[in-house]
Amino acid sequence: MTEQNSSVPDFEADAAQAVTLKGTPASRGIAFGRITFLKRQAAPEEKIIVSNPQAEVERFEKARTQAIEQLGQLYEASLEKLGEQNAVVFQIHQMMLDDPDYVAQIEELIVAEKCNAEYAVDQVADRFAQMFANMDNEYMQGRAADVQDVSRRIVQILLGQKGITSPHQITKYGDEPLILATDDLAPSETVQLDKEHVEGILTSAGSTRSHTVIFARTMGIPAVISMGDTLNESLEGHLVIVDGANGVVYLDPNAELQEHYRQRKRTEDALRARLELFRGKETRTLSGRQIHLYANIGSADDIDLVKASDAEGVGLFRSEYIYLHAQDYPDEESQFQIYRDAAQALDGRKLIIRTMDIGADKTAAYFMLKHEENPAMGMRAVRICLSHPDIFKTQLRALLRASVFGNLAIMFPMITSTDEVKACRKILQEAQAELTQAGIPFNAAMEVGIMIETPAAALISDELAPLVDFFSIGTNDLTQFTLAVDRQNAEVGRFLNPYHHAVIRLIEMTIKNAHAHGIWAGVCGELAADEGFTHQLIAMGVDEISVTPSSVLMLRARIATLA
Ligand code: PEP
Ligand code: MG
């Protein structure tokens, strides 16, 4: 720091000087407090040979029943704290304890190895947790913590411990706020945290998709996870600042750094409180024009986040992730169930599902796509669908069947011509005819739209508009193809400029042509979440904006300030 600017503290430098520990950002917000490690009651895992395995199976059964009862109570108690959509995890936990495979594996182990129930539960829990952790699907990885949580509950009941309602001790440092540190926190432990004292959460393991993280976000507790070995018990009692949004923890911060973060926290708290005023409201401009504010999701499991974000629906469900997480083409029934459950969970709110956009950076081995020099401009999305109508029709049938269970709409990605739209609609009609023939209900009035994400589609949007019910502008691909900049190539990242006049003109033209033909137009690319650009979108007359759930309230507040 120089003489001249010594009155202006250089916080960046101070921050760099403080010891910083890094992890994965999991729940935004700033917290101050002393690190306190969660000390769980040790569950003896040693194997004991028993003389009467059948009696041991019965002991397990009794404990399992009791655990299911406790979870019912926990569900009731969490309803108010977390809301229905979050409390439901405890019903899922009950279902886990009823899973025939889980129960059978434990009982078989007790009988086969003549061992104590505690040991068998512990072994099988590890097996299931390992299996979940090894899955490609991030959501399923998050279930590892859940299976350990429910199993620990049974073991504690078996051991006659007080039960999970007070399974741990934490050291208190007078009245000072605490930052709870642990390897991984179970959902039931998170719910029961004493929010009065615990201001932040740090874990060495964990997944951003775990219920723990969702709960921490809902309860507004900043959290940094996956910190690895840097989070160890030598840190017990140290004062830290947790920066949840950036996944950074400052160890033993000096007074200046503390003051800097206290100021930031005050500003953030005030902003959050202001945003909360927009929860449950419609999204309207100052002049009263209504904008539909939706959320983008990659999986039906994100619907919890959509509801917590207060989005008015889902503007982009990237259905290709269902294919990416499968080992083979997902069949009609399994897709139908996913779409139906998502539509039902949204309780009448809009759900726009994009038909699969496989190809480019999103490939699954079983599609057996050939190697391509430029896959982003190769066999992808509707090009694959129209070359394999059977695979496409399976998805369309599943979507049509789900359409009677909610407010469902579909859209086709990567359109470049009117012929493609007509060809997609023809297969859709065939699927409708088949369902009618078989007496299976579907919503014949379901809205059908297209993504405008190639310059070709934007330029002929006047010809495309009469063929569809809506446009959703994908600014990510639209920017890449308009500017000839590969969105995957970091080397050219600085050229990927969505504010380029060429991109803006295409967006403007698309919205104008949509309105000229009496259909609505939305934007679902990343640009839609840019608060600094919202005024331009509104001025262009956009009808719908779809963004990541975490940006919803911020955009509603921003739109409310625009004419
Ligand atoms: C886009 O291209 O803007 C878009 C929303 O689709 P994706 O990012 O999935 O390609
Ligand atoms: Mg795209």
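Please give every one of the lysines within straight-line cross-link reach of Lys172, meaning a C-alpha to C-alpha distance under 17 Å, and leave out same-chain neighbours fewer than 8 residues apart. Hits, sequence-local ones excluded: Lys39, Lys195. Take the Cα of Met135, step 7 Å toward its Cβ, do the same at Lys281, and the gap between the two points is 3.9 nm.
Report for the chain the percent antiparallel among DSSP-assigned beta bridges with both residues inside it, nearest 5.
Details: 21 of 62 bridges.
DSSP beta bridges in the chain are roughly 35 percent antiparallel.
Helix 389-402 and the longest principal axis of the Cα set of the chain meet at an angle near 70°. Rounded to the nearest 0.05, what FRET efficiency do Gln258 and His500 have when you use their Cβ-Cβ distance and R0 = 35 Å? So, using R0 = 35 Å, E works out to roughly 0.25. Principal axis extents of the C-alpha atoms in segment 418-486 (largest first, rounded to whole Å): 48, 23, 17. Helical runs assigned H by DSSP (4 residues or longer) give the chain a calculated mean residue ellipticity at 222 nm of -14000 deg cm²/dmol, each run adding -39500 (n - 2.57) before division by the residue total.
Only alpha carbons enter this Debye calculation for segment 238-300, each as an equal point scatterer, and the log10 of I(q)/I(0) it gives at q = 0.13 Å⁻¹ is -0.63. Of the trypsin sites (Lys or Arg not before Pro) found in segment 344-383, those in coil by DSSP whose Cβ has at most 16 other Cβ atoms within 10 Å are Lys370.
Starting from the Cα of Lys307, draw a straight line to each of the lysines and keep only those under 22 Å, dropping any in the same chain fewer than 8 residues away. Straight-distance partners of Lys307: Lys81, Lys281, Lys350. Distance from the C-alpha centroid of segment 84-148 to that of segment 495-552: 45 Å, rounded to the whole angstrom. Could you work out the local net charge near Tyr323, counting Lys and Arg as +1, Asp and Glu as -1, over the other residues with Cβ closer than 11 Å to its Cβ? Cβ neighbours under 11 Å give a net charge of -1. Name the residue from Gly200, Ala273, Tyr321 whose Cα lies farthest towards the positive end of the charge dipole of the chain, charges +1 on Cβ of Lys and Arg and -1 on Cβ of Asp and Glu. Positive-end residue among those listed: Ala273.
Computed log10 I(q)/I(0) for segment 315-385 at 0.15, 0.17, 0.23, 0.25 Å⁻¹: -0.55, -0.67, -1.04, -1.15, from the Debye equation with unit scatterers placed on every C-alpha and solvent omitted.
Using only alpha-carbon positions in segment 166-244, the gyration tensor eigenvalues give semi-axes of 17, 15, 12 Å once each is multiplied by 5 and square-rooted (largest first).
Considering segment 301-455 at the alpha-carbon level, its Rg and Dmax are found to be 15.2, 46 Å. Taking amide H as placed 1.01 Å from N in the peptide plane, the amide H of Met451 sits under 5 Å from that of Phe412, Met414, Ile415, Ser472, each at least 5 places away or on another chain.
For segment 103-144, report the % of Cα-Cα distances exceeding 11 Å. Across segment 103-144, Cα pairs with separations above 11 Å total 61 percent. Using the Cα coordinates of segment 416-563, the gyration tensor eigenvalues translate into equivalent-ellipsoid semi-axes of 30, 19, 15 Å, sorted from longest to shortest. The equivalent ellipsoid of the chain has semi-axes of 44, 34, 21 Å, largest first, where each one is the square root of 5 times an eigenvalue of the Cα gyration tensor.
What is the antiparallel percent of DSSP beta bridges lying wholly in segment 295-374, to the nearest 5?
Percentage antiparallel, nearest 5: 10.
Here is the list for segment 470-539: GluC sites (Glu not before Pro) lying in DSSP coil, each with at most 13 other C-beta atoms within 10 angstrom of its C-beta, are Glu531.
On the basis of the beta-carbon distance and an R0 of 30 Å, Ile440 and Glu463 show a calculated FRET efficiency of 0.35.
Annotation for segment 226-256: GluC sites (Glu not before Pro) lying in DSSP loop with at most 15 further Cβ atoms inside 10 Å of their Cβ are Glu236. Using Cα-only point scatterers and the Debye equation, what is log10 of I(q)/I(0) for segment 210-263 at each q in 0.13, 0.15 Å⁻¹, rounded to two decimals? With no solvent term, the Cα-only Debye profile gives -0.39, -0.51. Zone of Ile49 (label point 7 Å along Cα→Cβ, backbone N under 13 Å): which residues in segment 101-127? Of the residues in segment 101-127, 113-116 have backbone N under 13 Å from the label point off Ile49. Taking a straight Cα-Cα cut-off under 23 Å and skipping sequence neighbours fewer than 8 places away in the same chain, the lysines within cross-link reach of Lys422 are Lys393, Lys512.
Anisotropy class assigned to segment 249-364 is oblate, per the alpha carbon gyration tensor with a/c at or over the 1.5 cut-off and a/b no larger than b/c.
What's the FRET efficiency of Lys172 with Glu84 using the Cβ-Cβ distance as r and R₀ = 22 Å, to the nearest 0.05? So the FRET efficiency works out to roughly 0.10. Using a cutoff of 8 angstrom between alpha carbon atoms and counting only pairs six or more residues apart, the relative contact order for segment 33-161 works out to 32 percent.
Rounded to the nearest 10 degrees, the inclination of helix 418-438 to the longest alpha-carbon principal axis of the chain is 60 degrees.
Just so you know, the Cα atoms of segment 199-311 work out to an Rg and Dmax of 17.7, 58 Å.
The Cα-based radius of gyration of segment 66-142, divided by its Kirkwood radius, gives an Rg/Rh of 1.05.
No value in this document is a laboratory result; all are computed from the given coordinates. What you are looking at is a predicted structure, and each value in this text was computed from that prediction instead of being measured. Backbone-built Cβ (ideal geometry, glycine too); neighbour counts: all protein chains shown.
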